Structures are given as structure tokens and as C-alpha cells.
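The values are calculated or read from the model by the stated rules, or taken from the named source; none is laboratory data. Every value quoted in this text rests on a predicted model; they were computed, and no experiment measured them. Cβ coordinates were reconstructed from backbone atoms using ideal geometry, including for glycine residues, and neighbour counts include every protein chain displayed. We work out accessible area using only protein heavy atoms, side chains counted, and drop any ligands, DNA or RNA first. Shrake-Rupley method; radii C 1.70, N 1.55, O 1.52, S 1.80 Å.
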Amino acid sequence: MPAISKIWITLGPLFVINAVLVSSFFMYHIWFSKKKKREFAGAKNQGSSFLDSTTREWWFWTTDPIVRFLIKLRISPNMITIMGLFIAAISGLLFAIGSFGYAGWAMVFGASFDFFDGRVARITGKCTRSGAFFDSVTDRVGEAACFLGIAYYFRDGWIMPIAIIAMIASTMVSYTRARGEALGIDCAVGVMQRPERIVYMGVAAIMQPVADVILEHWWHNPAPVLVIGSTIFIAAMTIWTSAYRTIFVMNALDTQDKRGKETMVQILSKLTTHSGREELWEKARYGYDRSKARFAHVVIFNIGGVDRKIFDSMLTSGELPNLSGHISSRGGKYELCGSFPSTAGTAIAPYITGCFPGTCDIPGIRWFDRSISSSKVFSMNRFRDYDGWGTYAMDHDLSNSVRTIFEYSRQAANIFGPLNRGCGLVRDMSFFSTLSRFQKARSAADLDAAANAALGWFSSAARKETDFVFYSFPPAAFLNPEEASEEAVKYSYRRLDEYIGGAIGILKDRGLYDRTALFFVPDCSLVERKKRFDLKNFLSKRGKVAGSSGNLKDWQESDVISLPSGTSMANLYFKKGGSWDERNFFEDIERKGIVGSLIEKAEIDIVAGRSNEGGIIVQSSRGKARIIEDADGRITYLTREDPFGYVGQGQVLDASSGLERSWESAYPDAIVQLLGLFRSKRAGDIVTSAASGVSLLSTSHDGAGKYTHGSLLSEHIIVPLLSSVVLREGPMRSTDIFSTVLDIFGIAGAHALDGVPLTEFSAKVEEGACAG
């Protein structure tokens, strides 16, 4: 009989209630099929994962007669709230004495009043903010009473602290929502809101007597397993929900505040959704937020130098169908100002770092670092020559104040580019072949072997969906340097175009073509040599001269070190007071008569060096000027007779106006380029720039053959730019390409850049080619 009595605590009310609910369920659906619309305010799902709008509507419809009865009795909403609180307190007492079946029914019955007070208030027009506040407070107190009752019953067991945790976490679920909404954030998220807690705990308590009767067959005086299980479950889920709501609100607030750096809360918030986890994976893989990228991929095709006259003619006539059809026709053909020295190798630095070679502390293909004391007899870093094995030292020599694209992106790949710091061996598949296959490529067979290897590496990069590839080709125009006929040069450009076509075919096969921004940029422009001027021999008449190929004894005993970059630029270093440890200023060398004797030579166009009064002095046969740059980037240009022959340059300018005002001259951007060069501590005491068509070398050991390159003249420093992306019109620099790449990827530059973005994405481009 006691067992039957226990069961009827559950089953008696359950039979009656279920009979009523089942009948009302069918009656509701008959009613709804006629009305076909919802009528009860508040029945809409408020973010619950377990109680949908249909269930809530049915419950509102079923209990509507009770609500009408309460209104007829003129019971106020606040009185109904107090009645619910009183019944919840009784439920807590019943939990405390272990009468779980009665406690469950009391809990469910008391919670029903929470539905009634709000509905009565809405129907009677007595909705007040104070009433809503009072209702929320009593809800928390009533729920706490139930959990305290459970905690008291289990006061000697391990469930007691879990019940306390469930009570605190349940309060936090409600508090985080209330606080979030007070800050303007809708926080109806989570899986264990108050209705769910009432259902889980109430139903578990109601069914506990039945469970006890069943378990008594195997377990004398069984524990209230359903109440224990629901308490543990509610504790766990309310902790999760309160934590999730906390993260949700903080993420929303941080997003509104538009913080530049992603906070830990935002990261945790993203971990809760599939799309967020994908975004975090992409960021971890690539090193930046890929969702901001306008294009998913960027490829820069690079070649050491081009004969601009031949190249432009072939592009216009359609002899380079891949360059024109897949790149320039989609975006445009532009001209940009490269860097000084305008020579293959060094001029790559702006494309990879966004900075002038001098800013990168790489003032030329060859240099001497006098900051290394001459007392340190043996040093691997005193001289550098990147034409040969020294090419592998370029990463080491790069200034720590700049960053490469390979340090911004964890997937960026390099093919035959000499500057690849941060790339590693995995992403620089050509590393061990740079010297053998790239720099020593001199015949058509060498070129084909190098290009075929590069194409294979590019295919591998595309398969991995690498975001950025710097794809450099051997200097094709240097083949058979002394006998490079126009037809031979054209042949090499046609082969170049074919290999670029092969790379584009790979992009299409991989489905990456429409999501890839393509650029083609040479390091410098090549002009046929008209004359040689042996600068080293000229200087030897005024002292002993050493070059990078000299041994230790040569440079220590020499008076001058002459290190050319390309054919038409040279860094010159002069011994001072019998030592190489102290720098000479322009005025020091000028007093020795060396500057004057250089300028007297028609083959020497420009001589420049640091002034002992600050800034740079530039001199040519046309005149002399002093250039000063302050910390804010304002440039003062002081001259009586302009050494560059500028007209209307003005005395005060900045980097932008310096380029714009000189763009049409024979020396575009020369002022800014020289300032950039002399940022390097390794730059010569003075530098020379040769006249048009003049090589400062006695032989063609640099591989340029009949061509010249390296000077400040527009014939060397202005290069063609092909882009599949529409760029802004007007003067531009090679440093701008790096800034443009960062802009395409939505990356904020973390170091000072010498360039600015060139992108002006049209609506068509943004629609059709944006990264997905």
C-alpha cells in the first residue's frame, strides 16, 4: 500500500492533468485550424531552445479561462505574483523534507502564476515597469527557495554544493540577460532559461515517487535519482548558459566599440558557432582576418628588368596575349616609379616590404658597412654582394624595423624572389634553386628549366590555396647579353607570357581565377648602353680603390671602395683619417675635389651625399641643392640652380607632392628616392648616378650586357605595371604595391610604410571577385 500511495502522488494528478491537457491539445488544434492565426501576446518564442511558439500558444490558449477567471475576481497582477511566490516557498519546504512528488507539483503550479500575472496585466492594461521589476525579483526568490530546499535535503551529501551552484548559476542566467539588455544588447540566447528549469526540475520531482517504487525492487531506500540528475543537469547547463551570455554580451559590446584588436571574448564567442570556428581557423592558418579580404588571393609576377620600348610595343600589338588578356584588360596598364637604385634584386624590396631599399637598410646590390669596426678583422657582414651566394644573406640584412609580406601572412609563398624573410623553406620551395636555376640562367634552356620548375611550385601553392605568391622569373632579357638582338628579347618575352599563361591556367583549374588579383611588375627598365665609363679606374687616379671582390688586404689598404649597383649607380666610400670607422660627409669629399672632378665628367649625372649640417646635398652640372626631411615627413628643398632641372617644384613638399611635381620630368621622385636611400647606414658616403645610356662598369660582369639600369633617370626608374584590379590614376610608386596588397587582404600595416594603397574597387569587381 505505501508503494501504491507513493505512485498515486504522481499518477493521480498526472492522469487528471494529462486528460485535461490532451483534450485541450486536440481542441486547440481544431480551434487553430479555423482561426489560422496566433492571438496571444507573449506566446512568441523568447529564445528558448525547448519551448517553441506553438507549444507556448497552446499553453496560453489552455490557461486562458483561468486568466479570465482571475480578472473576473479582480485580483491584481502583483497579488498573483505574490501568490506564485508563496506557492514556490511551499515547494521549497516540500523539497527540504523530501516530499519530492508534492514539491514538483507545487513548483509547476506556482510557476504557472508567472504566466498568469503578466497576461492579466496585459489584458487589463496594468502593465507597469515596477510590476515587471517586482515579477523578476520574485521569480528569482521563488526559484532560489526551491534550490535551497534541495540543498537542505542533501545537506550531508555531495549534491548540496551542486544545488547551491545551480541556484547561483540560474540567477546569473537571468542577470546576464537583464544587464545586457540594460546596455542595449538583446541577449535572448542560451539553452536553460527559467521555463526550461521549471520543467526539468518539476517533472523530475513529480516522477521521483514512481522511480522510487521501481528502484525499491533492487535498492533498499533508493536515492532520489531523478532529482539528483536534474539538479546536476541544471547546474551544468545554467553555468554554460550564463557563461555563453556573458561572452555574447561582451562580444557585442566590443564589436560596437570597434576595437582594432580582437579580444579574447570575441574569440570565445566565435568558437560557439560553426562560421565563427571557420573564421578563427582561417585566421590561425593565414595570420589575419580573411573575412575582410576583397580578393582571396594575390599573385605578383615579377621580372628583373624589361626593355620598356619593346615590351610596350608587344603588349599593344597583342603579342603577349596572357599578360594583356588576363591582367591588363581586366584592370589596366599603368606606369609606376620604382626605387633607387633601379636595379634587379634591390628593387624587389618595395614589393615585399612596402619600403624603399634604404629604409630596408639594403642600399644596393653591393655595399660596405662601416659600422662594423675595422678592429674586427674577420666579419661576414662588412661587405655584401647579392649577385651570387650573397643573395641568401638578403633576409639577414633586412632591417628589423620593416616586415615582409611573408611575416604578415602565414601562407604567403615565394618563388625565386631573393627577399623572403619569414617565408621558411616550406613556403619558399625555390630556396635551394635560387642561385643555380635563377641567377645563372643565361640560355633559353636554362630559362625553360627554371620556368618549368617555378610552374610546378606555383601549382603546389595553388593546391594549398596560398593567399599570396611572389612569382619571379629569371631576367629573360639578359640572355646572351652581348648579342641580345631585338628578336631574341622578343622571344624571351613571348616565353615569359606563355609561362604566365600556364600559371593562370592553374588558377582556372583550381577555381581560383575569379578570386585572384594579378599584378605584373618589373624591378627596373632597361636602356641600351651607349657608352662605358670605368668609374673604378677614374677613382684609382686619386687613390687606391677596392671593390667587393677584393680581399681583406685590399680594402684595409685602400683609400676608396667603389661598389656599383646595376650598371649606372654606385655607392662610394672614402677612408677618413686613415680609418674606415668614421663616415665622410659630402662637404669632406667636396673639399678633396672629388665631387667636382666627377661632375666634370659628362658620364656622371648626379652626385649626392649626407651633409654635415643635416639632410642631403645633391649636385649635378646644372646646379646644387640641399634636401632636409623632418620627423613629420615635411621636406625642405633648398636650391638656387636646380640639379634636376625641376620647374615649379617648390621649397616645401612631402612624399606625395614630391612624386606628383616631378612625375613628368627626367628625374621622377628623385628627391624622395634619395632621402629613402640615405636612411640606410650602409649607403655610401656619396652615391653616383650615371648619365643616360652610360655604364659605370668596365665589363659586363653584372650580366646586363648591352643594357644599362640603376640610375635616377626615368628611363630606368619608371616601369610598366599591369594589374587585373582597377587602380587609381596618377603617379604611383613600387612601394604602393605592397600597401595595395595589404589593402586587398584587409590587413593593417604593423610597420611604417613608404607607400599608399592604389585600389579603387569598382562595384563590378567587388560583386564578382571578392573573397567568399
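Miscellaneous remarks
- Sulfur and carbon atoms: percent of accessible area, the stretch 531-704 [1.4 Å]: 46 percent
- Contact order normalised by residue count of the stretch 331-428, Cα under 8 Å, 6+ apart, percent: 23 percent
- Binned Cα-Cα distance frequencies in the stretch 531-704 - 10 Å width, integer %: 10, 38, 35, 15, 2
- Computed with a 1.4 Å probe over protein heavy atoms only, the accessible area of residue 219 comes to about 120 Å².
- Take 312-318, 667-673, 461-467, 339-345 and order them by the average number of nearby Cβ atoms within 10 Å per residue, most first; the result is 339-345, 667-673, 461-467, 312-318.
- Taken over the alpha carbons of the stretch 385-427 as equal point scatterers, the Debye sum produces base-10 log I(q)/I(0) values at 0.15, 0.27, 0.32 Å⁻¹ of -0.35, -1.01, -1.20.
- Computed with a 1.4 Å probe over protein heavy atoms only, the accessible surface of the stretch 75-264 comes to 49 Å² per residue.
- Charge dipole magnitude, Cβ of K and R +1, D and E -1 - the stretch 75-264, Cα centre, debye nearest 20: 540 debye
- Share of carbon and sulfur in the accessible heavy-atom surface of the stretch 75-264 [1.4 Å probe, %]: 69 percent
- Cβ-based charge dipole, the stretch 531-704, positive-most Cα from 650, 609, 695: 695
- Heavy-atom accessible area order for 170, 130, largest first, 1.4 Å probe: 130, 170
- The modelled label-to-label distance for the pair residue 313/residue 127, using points 7 Å beyond Cα in the direction of Cβ, is 8.2 nm.
- Modelled spin labels at residue 215 and residue 463, positioned 7 Å past Cα toward Cβ, are 6.0 nm from each other.
- Surface accessible to a 1.4 Å probe, per residue, for the residues of the stretch 370-428, Å²: 44 Å²
- Projecting the Cα positions of 162, 214, 120 onto the charge dipole of the stretch 75-264 (unit charges on Cβ atoms of Lys, Arg, Asp and Glu, taken about the Cα centre) puts 120 furthest along the positive direction.
- Scoring 187-195, 108-116 by mean Cβ neighbours within 10 Å over their residues and listing the highest first yields 108-116, 187-195.
- Cross-link table 575/681; 530/681; 530/601, entries beyond 23 Å C-alpha to C-alpha: 530/681
- Sequence ranges 612-622, 716-726, ranked by mean other-Cβ count within 10 angstrom, highest first: 716-726, 612-622
- Cα gyration tensor category, rounded, prolate or oblate, for the stretch 75-264 with a/c compared to 1.5: oblate
- Applying 1/(1 + (r/R0)^6) with r as the Cβ-Cβ distance of residue 530 and residue 488 and R0 = 22 angstrom yields a FRET efficiency of 0.65.
- For the stretch 531-704, accessible area per residue (1.4 Å probe, heavy atoms of protein chains only), Å²: 40 Å²
- Its Cα centre serving as origin, the stretch 623-666 has a Cβ charge dipole (Lys and Arg +1, Asp and Glu -1) of approximately 200 debye.
- The stretch 579-650 and the stretch 706-745: distance between their alpha carbon centers, rounded to Å: 26 Å
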